[in-house]
Amino acid sequence: MSDAVQMKIRDFIIENFLFGDDSQPLPGDLSLMENDLVDSTGILELVSFLEEGFGLKVADADIVPANLDSIDRIAAFIERKKAA
Amino acid sequence: MRIENHLRRSCLLHAGKTAIVDGARRVSYAELSDASDGLAAWLAENGVCRGDRVVVFAGNGWQTAVVFYAVWKAGAVACPVNPSTRAKRLAFIIADCLPAAIVADARGAATVADALAANPQARPAVILTRPHPRLPEAADFAQCLETGPFSTDPALCDSDLATIIYTSGSTGDPKGVMMGHDNIDAATASIISYLGNGENDVILDVLPLSFGYGLTQLLTSVRVGATLVLEKSFAYPAAVLQRMHEEGVTGFPMVPSMIALLLRMEALDPALFAGLRYITSAAAPLPVAHIRRLRALLPDVQLYSMYGQTECVRATWLPPDDIDLRPASTGIAIPGTAIQVVDEAGHEVAPGTVGELVVSGPHIMRGYWNNAVATEEALRPDPLTGTRRLHTGDLFFADGDGHVTFVSRKDDIIKTGGFKVAPREVESALYDLEGVVEALVVGMPDPVLGEALKAMIVASADTLTAEDVLRHCARMLNDFMVPRQVEFCQALPKTGSGKLSRRLASGGGTTP
């Protein structure tokens, strides 16, 4: 998967969920929920970001941690969606 | 009884039983008791004295539950702050309550650093669940739990303050609601009695522990020796419902925006709710249309429609057998307390007349921390008996049987063209329109009308148009209540506790 996609997701998370605080490492496999990086409003923001930023259609059934709970998972989800 | 003694008693009766479930972590009553003893000992050793404030800035997790009981064991006052709070508001709270200690989780650490930088005079001890480079002197939470032994101060009593929870005033700065151990003891006993909670309950808490309604779940669950399943949020509804099913959850406290999210799901399997005994709804009025749909979807689940505010925890409940009969009502006073609908002079009004709801009983707050003016405004004597009553600032009417129905916040009334409009009434009509998931009605400045109504809508389908909405409203409402403008939104602004916020929607403030 492309580094550009990962970077775009990372920037979104730092800007929107960490309020620009990039002092902490943000590994690709870090759970966003377990680490209190996103809440329910955050997920809706993330879904809008994926729909608008990547032109995806995200269904209710797609909104699960397996698809969205880390930068790696989001990137893989985007790749799967684009391939489909 | 003091709140930490509820834990001590449940620990004696159910030491090995699971008190808290947090992801894969299961914490028994004995562990919760020991861990809070350890942290209480650390707090005492580090200068936290009886009556000192401790800010709890952490999301829903077992550690947060430990912190509350530790603070109370140490004789201190817990000040929970929603973990999504921005530094500016946290700085205000720190300056207002001058905490002796702050406990924060990974997400909150940077915000604590910012808030402390803005408050150089405040020197609280800081405890973090994970180290943060900007707070190098902070103590490590896990190590604090190893402190011991702990000895109770015999001077602690039921009338000590237990919590200060900051709420958004309709105007101005947040106000710190002071609750004594006796207030919370009374409120939780009353709630347990009408929900029929017992040790066999498994309660799912996705509401923030920093929010009165979310914290109450921990307090009632521990008090009856039940199991509390903590979830960080309702962000992944499908995953939370699966969890609910796996854990055999019997009680699910919700807020109307969560119910809206639930009803929005395409394929909801009622089998997931098989073990569920009850759902409660509070924090904002539940639209009647949503009550009907939820009842149709889950006919065997008792639905409790309730009303409360931080200042009294809970004020009213509607017995679930009545909900189909009077779906718009939030019911009667909770057991052991009293409510009245009163006029401006504080005298009770006749049934059917709109007035302010006032609450009396052992559960009402002591007042607002450090704010005598606001306290005097909220807690006023009954002109007949002198009993101190909480003025809720919410307008209700009562029917002949004493059931009350919410009309509006006193200050939400929109005046348009000389007419007074309660935005909720228009929102209620909007919810009756198919495809409307969430709706808020706000007043916009208008050169002719003073204020004109704007409807902000989250729709489930792109096909819903502004014309559809206006046509529907014109059918349902008086002319002056039909919105002038319709705006479709991805999401509507919510307060930190998840309530739809008319104030934020109308641009009257920032997210708390």
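A short reminder: the numbers here are calculations on the coordinates, not readings from a lab. These figures come from a predicted structure and were not determined experimentally. Cβ: placed from backbone, ideal geometry, glycine included. Neighbour counts: every protein chain shown.
General observations
- Sites count as exposed loop sites when they are GluC sites (Glu not before Pro), lie in a DSSP loop, and have at most 14 other Cβ atoms within 10 angstrom; the longest stretch of chain B without one is B:1-136.
- B:HIS6, B:HIS347 arranged by Cβ crowding within 10 Å, fewest neighbours leading: B:HIS347, B:HIS6
- Whole-angstrom gap from the range B:208-238 to the range B:108-181, using each part's C-alpha centre: 20 Å
- Whole-Hz couplings from phi, Karplus 6.51/-1.76/1.60, listed for the range B:156-164; x for Gly and Pro: 4, 9, 5, 8, 5, 5, 9, 9, 10
- C-alpha long axis of helix B:29-45 to longest principal axis of chain B, angle in °: 70 degrees
- Each helix, a run of at least 4 DSSP H residues, gives -39500 (n - 2.57); summed and divided by the residues of chain B, these come to -9000 deg cm²/dmol at 222 nm.
- Inter-chain Cβ neighbour count for B:234-244, averaged per residue, equals 4 (cutoff 10 Å, partner chain atoms only).
- Local electrostatic count, A:GLU79, Cβ distance below 12 Å [Lys/Arg +1, Asp/Glu -1]: +3
- Per-residue HN-Hα couplings for the range B:245-252 [Karplus 6.51, -1.76, 1.60; θ = phi - 60°; Hz; x = Gly/Pro]: 5, 4, 8, x, 5, 9, x, 10
- Residue list for the range A:45-84, given a label point 7 angstrom along the Cα-to-Cβ vector of A:ALA4 and an amide N cut-off under 15 Å: A:53-55, A:79
- The residue list B:ALA284, B:CYS312, B:VAL249 was ranked by how far each Cα lies along the charge dipole of the range B:245-351 toward its positive end, using unit charges on Cβ atoms, and B:VAL249 comes out on top.
- Centre-to-centre, using Cα atoms only, the range A:42-57 and the range B:352-395 are separated by 45 Å.
- A Cβ-based charge dipole, computed about the Cα centre of the range B:410-477 with Lys and Arg at +1 and Asp and Glu at -1, lands at about 300 debye.
- Simple label model, 7 Å out from Cα along Cβ direction - B:ARG484 to A:LYS81, nm: 3.8 nm
- Chain B - share of DSSP beta bridges that are antiparallel (%, nearest 5): 60 percent
- Using alpha-carbon coordinates, inclination of helix B:181-195 to the longest axis of chain B, degrees: 60 degrees
- Counting, for every residue in B:103-114, the Cβ atoms of other protein chains within 10 Å of its Cβ and taking the mean gives 3.
- Considering only B:SER193, B:ALA238, B:ALA226, the residue lying farthest towards the positive end of the dipole of the range B:156-279 is B:ALA238, judged by Cα position with unit charges set on Cβ.
- Candidate membrane-span-like segments in chain A, meaning DSSP H helices with Cα atoms spread over at least 30 Å of their own axis and a Kyte-Doolittle mean of -1.0 or above, do not occur, with no membrane implied either way.
- When only Cα pairs below 8 angstrom with a gap of at least 6 residues are kept, the range B:241-346 shows a relative contact order of 21 percent.
- Normalising the average separation of contacting C-alpha pairs (under 8 angstrom, six or more residues apart) by the number of residues puts the relative contact order of the range B:335-434 at 22 percent.
- Rounded to whole Hz, the Karplus (6.51, -1.76, 1.60) HN-Hα couplings of the range B:113-120, x for glycine and proline: 4, 5, 5, 6, 4, 7, 10, x
- Taking all Cα pairs closer than 8 Å and separated by 6 or more residues, the relative contact order of chain B comes to 11 percent.
- Here the calculated FRET efficiency for B:HIS347 and A:ASP11, from their Cβ-Cβ distance with R0 = 51 Å, stands at 0.30, rounded to the nearest 0.05.
- Cα-centre dipole for the range B:358-512 with unit charges at Cβ (Lys and Arg positive, Asp and Glu negative), debye to 20: 580 debye
- The antiparallel fraction among DSSP beta bridges confined to the protein assembly as shown stands at about 60%.
- Legend: ranking of residues B:MET365, B:MET1 from fewest to most surrounding C-beta atoms inside 10 Å; resulting order B:MET1, B:MET365.
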